[in-house]
1. When the stretch 107-140 is examined, which residues are found to be β-branched (Val, Ile, Thr) and out of contact with any His (no Cβ under 9 Å at 6 or more places or on another chain)?
2. So PRO101 ticks every box in (1) part of a strand (DSSP E or B); (2) modelled with pLDDT of 95 or more; (3) within 26 Å of ASP69 (Cα to Cα) but one. Which box is left unticked?
3. Cβ-Cβ distance below 6 Å, separation of 6 or more or different chains: which pairs start in the stretch 169-189 with a residue that is under 17 Å from LYS81 (Cβ atoms) and end on one that is outside any strand (DSSP E or B)?
4. Among the candidates LEU132, LEU184, LEU136, LEU157, single out the residue that is buried (at least 20 other Cβ atoms within 10 Å of the Cβ) and not basic (Lys, Arg).
5. Can you name the strands (runs of 3 or more DSSP E) wholly within the stretch 136-189 that have at least 3 residues being among the aromatic types (Phe, Trp, Tyr)?
6. Name the single residue, out of those in the stretch 117-135 being part of a strand (DSSP E or B) and among the charged types (D, E, K, R), that is farthest from THR26 (Cα to Cα).
7. Looking at this structure, is SER57 crowded, with 17+ Cβ neighbours inside 10 Å, touching a helix residue (DSSP H, G or I) at 6+ places or on another chain (Cβ under 9 Å) and of a type outside the set (Lys, Arg)?
8. What do you reckon, is ASN84 of a type in the set (S, T, N, Q) and either free of Cβ contacts under 8 Å to residues at least 12 places away in the same chain or in contact with a Lys or Arg (Cβ under 9 Å, 6 or more places away or on another chain) (or both)?
Amino acid sequence: MTRTLSALLILVLLPAAIDAQQVPQTRQGFGISFGVGGGSNGLECNGCTSDRESGASGYLRVGGYVRPDLMVAGETNGWAKNVNGVDETANFLSAVVQWYPNVETGLYLKGGAGFASSRADDGVDEFESTGLGINLGIGYDWRLTRGFSLTPYVNYLRSVGAEEHVNGVGTGDRLNVNVLQFGLGFSWH
């Protein structure tokens, strides 16, 4: 897991190290970004943990730049996989703040909170949980044109205090999901 995380961080930070781009980093007004990639999902319940599952993952972010170094946005993130006939999903809806420590580069740090849900359905039984969602991320807007960037990213998302429901009935148990998400984003500034 440490090697994987190290490789993902190198992928995100590599454009900053190269930084041979000719297009200046300007940020103002409206911004939108979506990304596709992979992710690793794990579940935690009262006294238990699950094996992590890899699957498809992505995000959509829409917001505005309040300053050249700060974006405030709404973001939705998702992860999905079919495991042995069971459809599993994790979804997050968050208010996020994306901060660029140096306005002349594309490196950003992101944090936010909102709503999280997870679901597993085998066609007979449905397990769901909903709760508070936490959203943390790092990425790099690699400028290709004045208004467009390719954005490698890594996000960590988790639910907190999510209650488990089986076929719509609450069990009183906690069932929290955590997702490590990585991929390539397409960003318009």
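The values are calculated or read from the model by the stated rules, or taken from the named source; none is laboratory data. Note that the coordinates shown come from a computational prediction; the quantities given were computed from them, not determined experimentally. A quick note on method: Cβ atoms are made from the backbone with ideal geometry, for glycine too, and the neighbour counts reach across all protein chains shown.
1. VAL124, ILE134, ILE138
2. (1)
3. What qualifies is PHE182/LEU8.
4. Residue meeting the stated conditions: LEU157.
5. Numbers: elements: 142-145, 148-166, 169-188.
In the stretch 136-189, 148-166, 169-188 are the strands (runs of 3 or more DSSP E) which contain 3 or more residues that are among the aromatic types (Phe, Trp, Tyr).
6. That would be GLU126.
7. Taking the combined requirement at face value, the residue does not satisfy it.
8. yes
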